[in-house]
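Okay, structure first, notes after.
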Amino acid sequence: MIRDITLGQYYPGGSAVHRLDARTKIIATLLYIIELFVVNNFYGFLIAAAALFAVIAVSKVPLKFIFRGLTAVFLIIAFTFLLNLFMVDGRVLWHWKFLTITYEGLMRAFFMAVRLVLLIIGSSILTLTTKPIELTDGLEKLLKPFSKIGLPSHEIALMMTIALRFIPTLMEETDKIIKAQQARGADFESGNIIQRGKNLIPILVPLFVSSFRIAQDLALAMEARCYRGGSGRTRMNEIHFRRGDAVAAVLMVLFLAGIIASRFI
Amino acid sequence: MGLCYTQNVNFIEVRDLKIEFTKIDENGAEVPGKVALNGVSLDIEKGSFVAVVGMNGSGKSTLAKCFNGLLIPTAGSVKVDGFDTADDSTIWEVRSRVGMVFQNPDNQLVSSIVEDDVAFGPENLGVDPAEIRRRVDDALKRVGMYEKKDRGAHMLSGGQKQRVAIAGAIAMRPDCIVFDEPTAMLDPKGREGVMSIIKDLNAGGITCILITHFMNEAEQADRVIVLKKGKLLCDRTPAELFSDREMIERAGLEMPPAIDIRDKAGLPESLTTADEIAEYIAAV
Ligand SMILES: Nc1ncnc2c1ncn2[C@@H]1O[C@H](COP(=O)(O)OP(=O)(O)O)[C@@H](O)[C@H]1O
Ligand SMILES: [Mg+2]
């Protein structure tokens, strides 16, 4: 299940979406997420979903990859759906003992689930079509203006680069530790919550130790490769705004207008 | 060129090197701890291929870190191409000349994508983007990983990751690369690949220092340095070292497999390398 998380995985390709400046894609994704919370009716979601699938089509990323990210968070979506379904007051549609489903609750639960699904697909398109290094370079450039007020933009970007690089490594490590502990008879699947929590300790401790080991090794390797902070560094692929980014900006404005208009339908 | 005799052919000069780690005592004060190296003097010639061997804990990795200023001598000195590693103002001169490849293939790649990782070193040096591109492509071709340049690092095998790490060092265009047990965590096929790259690089003029606990690897070097408990035990050619069983035992090492076979089969001791032995057997 751990392996199914697509967030932070890059799908190599040369599509128009891949070629966009990472900054454009980051801003577009943020705007999209905000707009998802502006939407309040069926038409808005239709526009939002259509826009998303248009982007997916252009990006040529197989749907299989995109939906794999969803399966990992399926439980969260289902939980949110149920919570909304039973917790909202209004016109009663169905009632049994202490459980009540209202029309408002059903609508709210449905919208919230759609919102989450679109949000997750939207952000996985960002990471699927943007190389990790471009993503973090883009972030660094976007945060640059804030370094005047003391925000360490280069360090934040580097931290993200390293985190993205080591997520798979740490996951493999976790798998290995779990298997090793299971081979010794550890049981992670039964018992109450407290018992299960306690059972996690033999996983977390070795994981912590190996994270420190990795950090130590990596710091040494970076120093050996002349890393000395962000100043004076160059980039193999400088990111640049191109014509495609202007087109994307126009489309973003149109989309925003559509979303706002949808509220008045 | 009448002045040739003054030319310095030693790329690295180590004199009376001592490394003492500090530790924190009960009161939280820093006190002297483990002495990892003591009184080590040696020279590494430009273009040579030197192996460093010794038991676990004998100070090999500590010595490796002294070659590019990752560790600064407690006493004595290390000079790289004339630059003292203890001099803060020239430390980047030293590090850009001496590349490093470490043991664990997983823990030394910084970026998720192969080519971006190889670019990390030249980017740190402030090299021009077009030139970085050239160096990265060239380095990846030299280690046979050019076709995988867009791959995710976590999709590679251990041997492939190690080759990417070597490309990362090559892309900085160093004069010398120090390999600290680069094959220890690899399978036999990965090991062979890394060894053949090291020999190619050396043939191309890069000074190579290989720390290893595989004697058949040490056997392929021009010279073998043996460490024991932080001291230099001996510094000889592989042929000299591996004809001296007593020295090998004293260092706590093993004979290369080929030499072992030679002695068990009672073949002449004049055969000193695996190739010579193989040829002799084939001829009989
Ligand atoms: N950072 C450190 N702090 C304290 N002791 C260390 C440190 N690094 C290495 N040592 C000690 O120095 C000795 C030599 O270590 P090392 O150079 O790693 O040996 P080798 O690579 O030959 O196995 C060992 O006894 C080790 O425990
Ligand atoms: Mg070591």
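The values are calculated or read from the model by the stated rules, or taken from the named source; none is laboratory data. Here the structure is a predicted model, which is why all the values come from computation and not from measurement. Ideal geometry is used to build each Cβ from the backbone, glycine not excepted, and the neighbour counts take in all protein chains shown. The accessibility values were calculated without ligands, DNA or RNA, using every heavy atom of the protein model including side chains. Shrake-Rupley method; radii C 1.70, N 1.55, O 1.52, S 1.80 Å.
How many partner chain Cβ atoms sit within 10 Å of a residue's Cβ in peptide B:123-132, on average, as a whole number?
Shielding by partners across B:123-132 averages 5.
Ranking request for peptides B:64-72, A:237-245: highest mean number of other beta-carbon atoms within 10 Å first, then the rest in descending order. It would help to have the intermediate numbers written out before the result.
On the way: B:64-72: 22.8, A:237-245: 12.8.
So the order, starting with the most tightly packed, is B:64-72, A:237-245.
Within chain B, which DSSP H helices have Cα atoms that stretch 15 Å or more along the helix axis and a mean Kyte-Doolittle hydropathy of at least 1.0?
none
Using θ = phi - 60° and the Karplus relation 6.51 cos²θ - 1.76 cosθ + 1.60, list the HN-Hα couplings for the stretch A:184-193 in order, rounded to whole Hz, with x at every Gly or Pro.
Using θ = phi - 60°, the values come out as 8, x, 5, 10, 9, 9, 10, x, 7, 4 Hz.
Could you order peptides B:243-250, A:128-135 by the average number of other Cβ atoms within 10 Å of their residues, highest first?
Going by the mean number of other Cβ atoms within 10 Å, highest first, we get A:128-135, B:243-250.
With a 1.4 Å probe and every protein chain left in place, work out the accessible area per residue of the protein assembly as shown in Å², rounded to a whole number.
It amounts to 51 Å² per residue over the protein assembly as shown.
Report the Cα-based extents of the stretch A:157-233 along its three principal axes, largest first, to the nearest Å.
55, 21, 16
Once label points are set 7 Å from the Cα along Cα→Cβ at both residue A:254 and residue B:29, what is their separation, rounded to one decimal in nm?
Distance between the two pseudo-spin positions: 7.6 nm.
Per residue of B:61-74, how many C-beta atoms from partner chains lie within 10 Å of its own C-beta, taken as a mean?
Numbers: counts 0, 0, 0, 1, 3, 0, 0, 3, 2, 4, 0, 0, 0, 0.
Average per residue, whole number: 1.
Could you report the buried accessible area between B and A, both sides summed, computed with a 1.4 Å probe and given in Å² to the nearest 100? Could the numbers behind the result be given before it?
On the way: alone 14300 and 17110 Å², together 28170 Å².
In total, chains B and A hide about 3200 Å² from solvent.
Measuring from label point to label point, each 7 Å out along Cα→Cβ, what is the residue B:192 to residue B:283 span in nm?
Computed distance between label sites residue B:192 and residue B:283 equals 2.5 nm.
Would you mind computing, in nm to one decimal, how far apart the modelled labels at residue A:187 and residue A:247 are, each placed 7 Å from Cα along Cα→Cβ?
6.0 nm
Considering only DSSP beta bridges where both residues belong to chain B, give the percentage that are antiparallel (nearest 5).
Beta bridges within chain B, antiparallel portion: roughly 60 percent.
Where in the stretch A:11-84 are there trypsin sites (Lys or Arg not before Pro) that are in a DSSP coil and have at most 16 other Cβ atoms within 10 angstrom of their Cβ?
A:60
What's the Kirkwood radius of the protein assembly as shown in Å, using all Cα pairs?
27.5 Å
Taking all protein chains in place and a 1.4 Å probe, what share, in percent, of the accessible surface of the stretch A:157-233 do carbon and sulfur account for?
That fraction is 66 percent.
In straight Cα distance, which aspartates and glutamates are under 15 Å from residue B:34, not counting same-chain residues fewer than 8 positions off?
Counting by Cα, and skipping residues close in sequence, residue B:34 has these aspartates and glutamates nearby: B:20, B:25.
Suppose the chain between residue A:198 and residue A:87 were pulled fully straight at 0.36 nm per residue; how much longer would it get relative to their current alpha carbon spacing?
Between residue A:198 and residue A:87, full extension yields an extra 36.7 nm.
By how many nm would the segment from residue A:33 to residue A:54 lengthen if fully extended, with 0.36 nm per residue of separation less the alpha-carbon distance?
The residue A:33-residue A:54 span can extend by a further 5.9 nm.
Restricting to bridges with both residues inside the protein assembly as shown, how much of the DSSP beta-bridge set is antiparallel, in percent to the nearest 5?
Percent antiparallel among DSSP bridges in the protein assembly as shown is about 60.
Once you've got the Cα coordinates, tell me which of B:60/B:189; B:18/B:161; B:189/B:264; A:131/B:141 are over 29 Å apart.
B:18/B:161
Under a Cβ-only charge scheme (Lys and Arg +1, Asp and Glu -1), can you give me the dipole magnitude of the protein assembly as shown about the Cα centre, in debye to the nearest 20?
Rounded to the nearest 20 debye, it is 2360 debye.
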